[in-house]
1. Among the residues of region 84-96, is any under 15 Å from the mean Cα position of the chain (by Cα), surrounded by 21 or more Cβ atoms within 10 Å (Cβ to Cβ) and assigned to a helix (DSSP H, G or I)?
2. For region 125-175, what are the residues that are assigned to a loop (DSSP other than H, G, I, E, B) and open to solvent by 40 Å² or more (accessible area, probe 1.4 Å)?
3. For Trp146, state whether it is modelled with pLDDT of 95 or more, aromatic (Phe, Trp, Tyr), closer than 30 Å to Ile10 by Cβ and out of contact with any Phe, Trp or Tyr (no Cβ under 6 Å at 6 or more places or on another chain).
4. What is the residue count in region 39-68 for residues that are under 19 Å from Thr160 (Cβ atoms) and open to solvent by 80 Å² or more (accessible area, probe 1.4 Å)?
5. Only one of these conditions is not met by Phe27: (1) assigned to a helix (DSSP H, G or I); (2) open to solvent by 60 Å² or more (accessible area, probe 1.4 Å); (3) over 19 Å from Ser147 (Cα atoms). Which number is it?
6. Restricting the search to region 47-73, which residues are closer than 21 Å to Ile17 by Cα and either in contact with a strand residue (DSSP E or B) (Cβ under 6 Å, 6 or more places away or on another chain) or not in a helix (DSSP H, G or I) (or both)?
Amino acid sequence: MSRFVDRGAIIAAYVGIGMAVTIAVSFLLIIPIEPVVWLLAVPSGLIIGYYANQRSDRRAGPWRRIVVNGLFAGLVTGVTVAVLLIAVKALFFYADNGYRDPGLGGRLACASGPECVYARYLDLGRGPDLRAAGVTDAASFTGLYWSQQFFSAGWIVVLTTVGGLGGAAIYGVARPKPAASATG
């Protein structure tokens with residue numbers, strides 16, 4: 001037991017990366033519904049925390065290993081979702097060129113990037129809320145926007161990691177018992 005985590009937990013972490021990519025692509029790009037990413041944070045952590053120990057065949061052994069396996073797999077999964085969330089947000093934040101459907105008023109008059117995102121928020125009537133938060137231009141908007149995005153990403157990591165801990169706890173309580181050795 002010289003490893004920090006079991007080999008099965010490392011494999012589970014790779015499975016968690018795949019799960020994170022699937023969730024992020026599905027609900028940030030294909031069907032952009034970010035709240036679904038939030039709703040799936042804890043359940044994905046539960047699944048991967050349990051799987052990390054099942055894959056490690058932790059039928060016996062100290063609880064410490066079960067907990068570490070679940071935390072590790074949950075953390076890797078959560079960090080992957082958070083990185084993908086930030087990457088998608090950055091793509092749309094810096095590539096915004098102000099295009100808007102002609103039926104909604106046509107293209108916004110703005111320089112591509114943060115200025116266009118700021119213009120969209122103003123166009124949606126969020127100016128008073130932004131001013132109350134101290135936002136007066138695209139530069140101050142950029143600071144507020146990214147602080148909120150990193151705060152959100154941090155919470156996704158926390159929720160998924162806590163889910164991983166929960167999955168490890170469920171496995172620890174419900175794990176298969178070691179096979180009885182034949183005596184005789």
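The values are calculated or read from the model by the stated rules, or taken from the named source; none is laboratory data. Source: prediction; values computed, not measured. Virtual Cβ from ideal backbone geometry, glycine too; neighbours counted across all protein chains shown. For accessibility, only protein heavy atoms count, side chains too; no ligands or nucleic acids. Shrake-Rupley method; radii C 1.70, N 1.55, O 1.52, S 1.80 Å.
1. yes
2. Answer for region 125-175, where residues must be assigned to a loop (DSSP other than H, G, I, E, B) and open to solvent by 40 Å² or more (accessible area, probe 1.4 Å): Gly125, Arg126, Ala133, Gly134, Thr136, Asp137.
3. no
4. 3
5. Condition (2) is where Phe27 drops out.
6. Passing the criteria: Ser56, Asp57.
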